[in-house]
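Structure record follows, encoded as structure tokens.
The values are calculated or read from the model by the stated rules, or taken from the named source; none is laboratory data. If you're wondering where the values come from, they're calculated on a predicted model, not measured in any experiment. Every residue, glycine as well, gets a Cβ built from its backbone with ideal geometry; the counts of neighbours run over all protein chains shown. Surface areas here come from the heavy atoms of the whole protein model, side chains and all, with no ligands, DNA or RNA. Shrake-Rupley method; radii C 1.70, N 1.55, O 1.52, S 1.80 Å.
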Amino acid sequence: MADIGIQLLILLDPQNTHIGYDTIINLRIFKRLQNNQECRGHITNQIDKDKHLFLPHFDTELAEGPLPGLSDTFVYIYYDNEESVQSIKKNLVGRAINRLFPVDELPNYLHGAAIELLQKLIKKPPTELNEQERDELIDMAKQHLNELAQLFDQYMIDQLGVDVVEPH
């Protein structure tokens with residue numbers, strides 16, 4: 001059976017401002033940590049597994065140097081102002097950053113990464129993932145797709161003033 005409780009979607013939240021994601025994203029695939037030490041330990045315990053690591057712009061230490069388990073990690077950095085972007089680019093020259101985005105887009109990227117992670121898990125062979133586990137993962141992926149659809153609809157209304165029309 002597959003280990004689907006591996007928490008490969010990791011959010012470093014040193015200021016404890018994103019606690020709500022603990023109830024929005026299934027804790028079997030998601031882990032929110034408040035300090036680098038815990039985060040480093042969690043990453044290095046998941047070597048050879050694709051991980052998605054979300055870091056705040058003011059705490060990118062984990063992305064700055066080599067770290068066991070980081071080579072197979074997608075690194076996302078969220079920021080709250082444009083000055084942060086220049087600082088990040090300067091401090092992380094030559095480091096692989098998969099995404100750099102404003103903090104208000106964090107839900108979009110978390111749900112998108114969750115879908116990507118779940119899709120990889122769903123593709124595991126029957127010897128590693130039984131039918132019930134696969135169904136649970138499919139349901140989780142559908143929930144994240146619905147969340148993304150709602151976020152998109154809200155963006156269209158708030159930012160573009162466009163009424164969202166439901167497909168027929």
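The lone criterion from (1) surrounded by 19 or more Cβ atoms within 10 Å (Cβ to Cβ); (2) assigned to a loop (DSSP other than H, G, I, E, B) left unmet by Asp48 is number (1). Applying the criterion of being free of Cβ contacts under 8 Å to residues at least 24 places away in the same chain and not in a strand (DSSP E or B) to the residues of segment 23-45, the residue that is least open to solvent (accessible area, probe 1.4 Å) is Gly41.
Condition check ((1) open to solvent by 40 Å² or more (accessible area, probe 1.4 Å); (2) over 29 Å from Gln143 (Cα atoms); (3) modelled with pLDDT of 90 or more) across all residues:
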{"residue": "His52", "(1), (2), (3)": "no, no, yes"}
{"residue": "Gly65", "(1), (2), (3)": "no, yes, no"}
{"residue": "Phe74", "(1), (2), (3)": "yes, no, no"}
{"residue": "Ser87", "(1), (2), (3)": "yes, yes, no"}
{"residue": "Ile97", "(1), (2), (3)": "yes, no, no"}
{"residue": "Val103", "(1), (2), (3)": "yes, no, yes"}
{"residue": "Asn108", "(1), (2), (3)": "yes, no, yes"}
{"residue": "His111", "(1), (2), (3)": "no, no, yes"}
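Listed conditions (1) crowded, with 18+ Cβ neighbours inside 10 Å; (2) closer than 26 Å to Gln34 by Cα; (3) in contact (Cβ under 8 Å) with a residue 40 or more places away in the chain are all met by Leu151, apart from (1).
Out of segment 117-135, which residues are of a type in the set (D, E, K, R) and surrounded by fewer than 15 Cβ atoms within 10 Å (Cβ to Cβ)?
Result: Lys120, Lys123, Glu128, Glu131, Asp135.
Just to be sure, is Ile88 among the β-branched types (Val, Ile, Thr), closer than 18 Å to Leu9 by Cβ and over 16 Å from the mean Cα position of the chain (by Cα)?
no
Okay, residues lined up against (1) closer than 18 Å to Cys39 by Cβ; (2) touching a residue at least 24 places away in the same chain (Cβ under 8 Å):
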position	(1), (2)
Pro56	yes, yes
Asp59	yes, yes
Ala63	yes, yes
Asp72	yes, yes
Ser87	no, yes
Phe101	no, yes
Pro125	no, no
Ile138	no, no
His144	no, yes
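Screening Leu92 with (1) aliphatic (A, V, I, L, M); (2) modelled with pLDDT under 85; (3) closer than 23 Å to Ile115 by Cα; (4) surrounded by 14 or more Cβ atoms within 10 Å (Cβ to Cβ) gives one miss only, at (3).
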